[in-house]
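Structure first, then comments.
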Amino acid sequence: MNNILMVAFIIEGVTIVVMLIALFWLVRAQLKLKHDYQVLNDIVHGNSNDIAGLCSAALTVDNRIATVDNRIAVTDGQIDDLAAKIADTEQNDHSDHPYSIDIRKVKSGASVNELMQNSGLSRDEAALLIRLHGSKTE
């Protein structure tokens, strides 16, 4: 019976040693996992901060683009208004101007003699119209 008791103690001792080794290994693995979790948590937190910063910057850029678009739309409307006013002014100037037909002739290349013959202008009037409204190459 002494031998059986001794064998039982040896088996029990070996089992305790194996369990202690397993416990040590499990504690070490748990500490490693805890460290890995902390590293990953820090990375995720950093990424979350980066994404929040990017979203904030995107909103700021979007607001600036919207402001510029509004300014462009207002400016485009003002340009259209000015173009309409200029067109109206040019139409009124040509139709009310007593020399409008003669000015068109000068712009199409009429000479002093042609203006004198066709429009009944004096030489000085025809020359002045050509100087004012003629092409720049002449």
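Since every read-out is calculated from the coordinates, none of them should be taken as a lab result. If you're wondering where the values come from, they're calculated on a predicted model, not measured in any experiment. Note that each Cβ is placed from the backbone with ideal geometry, even for glycine, and that neighbours are counted across all protein chains shown.
Data for the structure
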read-out: Ranking of 116, 1 by count of other Cβ atoms within 10 Å, fewest first; value: 1, 116
read-out: Relative intensity, log₁₀ I(q)/I(0), of the chain from a Debye sum that treats every alpha carbon as a point, q = 0.13, 0.19 Å⁻¹; value: -0.86, -1.09
read-out: Segment 33-114 shape via C-alpha gyration tensor axes, a/c threshold 1.5; value: prolate
read-out: Cα long-axis angle, helix 123-133 against the chain (0 to 90 degrees, to the nearest 10); value: 0
read-out: Computed helical MRE - 222 nm, the chain, DSSP H runs ≥ 4 contributing -39500 (n - 2.57), nearest 500; value: -32000 deg cm²/dmol
read-out: Estimated inter-spin distance, residue 116 and residue 35, nm [label 7 Å along Cα→Cβ]; value: 10.9
read-out: Two-decimal log10 I(q)/I(0) for segment 99-138, as the Debye equation yields it once each C-alpha is a single scatterer, q = 0.15, 0.23, 0.33 Å⁻¹; value: -0.25, -0.60, -1.24
read-out: Lys pairs under 27 Å by Cα in the chain, provided they are eight or more residues apart or on distinct chains; value: 5
read-out: Of 15, 89, 75, the one that fluctuates the most in a GNM where the chain has Cα springs shorter than 10 Å; value: 15
read-out: Relative exposure of 12, 114, judged by other C-beta atoms within 10 Å (fewest first); value: 12, 114
